[in-house]
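Notes to accompany the following structure.
The values are calculated or read from the model by the stated rules, or taken from the named source; none is laboratory data. The model shown is predicted, which means the values in this text are computed figures rather than measured ones. As a convention, Cβ positions derive from the backbone with ideal geometry for all residues, glycine included, and neighbour counts pool all protein chains shown.
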Amino acid sequence: MAQESAGNASAAASPYGTLPPASPLATRKPISLPRIQEMHTRGEKITMLTAYDATFAAVADAAGVECILVGDSLGMVCQGLHSTVGVTLEDMAYHTESVARGLRRSQGTAWLIGDLPFGSYQESKEQAVRSASVLMQAGAHMVKLEGGGWTTEVVHFLVERGIPVCAHLGLTPQTVHALGGYRVQGRGDVASDLMKKQALALQDAGASMVVLEMVPAPLSAELTQELPHCATIGIGAGKGTAGQVLVLHDMLGVNLGKNPKFVRNFMQESTSIRGAMEAYVAAVKNGSFPDDAIHAW
């Protein structure tokens, strides 16, 4: 009877659901920059998904996802905005804290990346440090910023101060208006040469990872070979990158519009969200996703 009462008390303490139990991967070492570099060097694909709250972050970690990105895509999938431009640093800090709590409570081992939102790093290197500090103090292990060229100096400034950085080239959603819409980037000799130059400069500045979004598959594969110290993470960039990332809602088929070409709905082949995430991890690892004939340019 006492045990039953204790059990009931425990259940009553969490009336709105609980985080999943500790990951069966809890024996794996926490993901770190050296481990990411080791995976890149030996050719093991790196898996990344976005997450915006504690529970989904814990489930993604339990499913074996190595990197979790608290993306400013939350503006579109969580807040109903038309772009990421309206997301604030306060928004990003709130969601980063939520994800970090979920990983801590579930004994998570995933590497946590926080997006620096529009307007939080463009003004100066010093502004970038202040903004990055907010996300790091919220629980992020690394920050991500968009663009090449002028961002090289910002990346160097951050890395020099102990803040790991993930860069982002190709389609950069924060500047989608300047790009003329959601269009493939890096087509043609001039555009591809510029992207190569920017990617190499970002690696030299200390960026440890770079997201390549909507970049032609041959160019992404070439960049991956030319960036031995900066793991490329593709989204709509073909299978030749060091790893892949998708927006969580897209790969679960629960977005509010039509899925982009580069997305695969993993819920169609699974009976649970965790199962869909595990299928995604397996497909990235074994090279069956993405399929360049379907998901790339």
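Checking every residue in region 90-104 against the condition of being more than 24 Å from Ala231 (Cβ to Cβ), within 16 Å of the chain's Cα centre (by Cα) and surrounded by fewer than 19 Cβ atoms within 10 Å (Cβ to Cβ) gives at least one match. Among the conditions (1) in contact (Cβ under 8 Å) with a residue 60 or more places away in the chain; (2) of a type in the set (A, V, I, L, M); (3) closer than 30 Å to Asp53 by Cβ; (4) out of contact with any strand residue (DSSP E or B) (no Cβ under 7 Å at 6 or more places or on another chain), the only one that Ala217 does not satisfy is (3).
Can Ser124 be described as of a type in the set (Ser, Thr, Tyr) and buried (at least 21 other Cβ atoms within 10 Å of the Cβ)? Working first, answer last.
Values: of a type in the set (Ser, Thr, Tyr): yes; buried (at least 21 other Cβ atoms within 10 Å of the Cβ): no.
No.
The set of residues in region 240-297 that are closer than 30 Å to Pro228 by Cβ and among the β-branched types (Val, Ile, Thr) comprises Thr241, Val245, Val247, Val263, Val281, Val284, Ile294.
Restricting region 77-89 to residues that are aliphatic (A, V, I, L, M) and in contact (Cβ under 8 Å) with a residue 24 or more places away in the chain, which is surrounded by the fewest Cβ atoms within 10 Å (Cβ to Cβ)?
As a first pass, look at region 77-89 and keep what is aliphatic (A, V, I, L, M): 77, 81, 85, 87, 89.
Checking the rest, the ones that are also in contact (Cβ under 8 Å) with a residue 24 or more places away in the chain come to 77, 85, 87, 89.
On the way: Val77: 18, Val85: 16, Val87: 25, Leu89: 22.
Out of the qualifying residues, it is Val85.
Quick check: anything in region 20-31 at pLDDT 95 or above and of a type in the set (A, V, I, L, M, F, W, C)? The answer is yes; a qualifying residue exists. Candidates in region 179-216 are the residues that are charged (D, E, K, R) and at pLDDT 95 or above; of these, the one that is surrounded by the fewest Cβ atoms within 10 Å (Cβ to Cβ) is Asp189. None of Ala237, Ala293 is of a type in the set (A, V, I, L, M), modelled with pLDDT of 95 or more and surrounded by fewer than 17 Cβ atoms within 10 Å (Cβ to Cβ) except Ala293. For region 239-258, residues that are within 16 Å of the chain's Cα centre (by Cα), outside any helix (DSSP H, G or I) and over 19 Å from Val176 (Cβ atoms) total 5. Among the residues making up region 208-232, those that are of a type in the set (A, V, I, L, M) and either part of a strand (DSSP E or B) or closer than 17 Å to Ile31 by Cβ (or both) are Met209, Val210, Val211, Leu212, Ala231.
Against the numbered list (1) modelled with pLDDT of 95 or more; (2) in a helix (DSSP H, G or I); (3) among the hydrophobic types (A, V, I, L, M, F, W, C), Ala11 comes up short only at (1).
Annotation: Val155 fulfils all but one of (1) out of contact with any Asp or Glu (no Cβ under 7 Å at 6 or more places or on another chain); (2) surrounded by fewer than 24 Cβ atoms within 10 Å (Cβ to Cβ); the unmet one is (2). Looking across region 171-196 at every residue that is within 23 Å of the chain's Cα centre (by Cα) and of a type in the set (D, E, K, R), the one that is farthest from Glu226 (Cα to Cα) is identified as Arg183.
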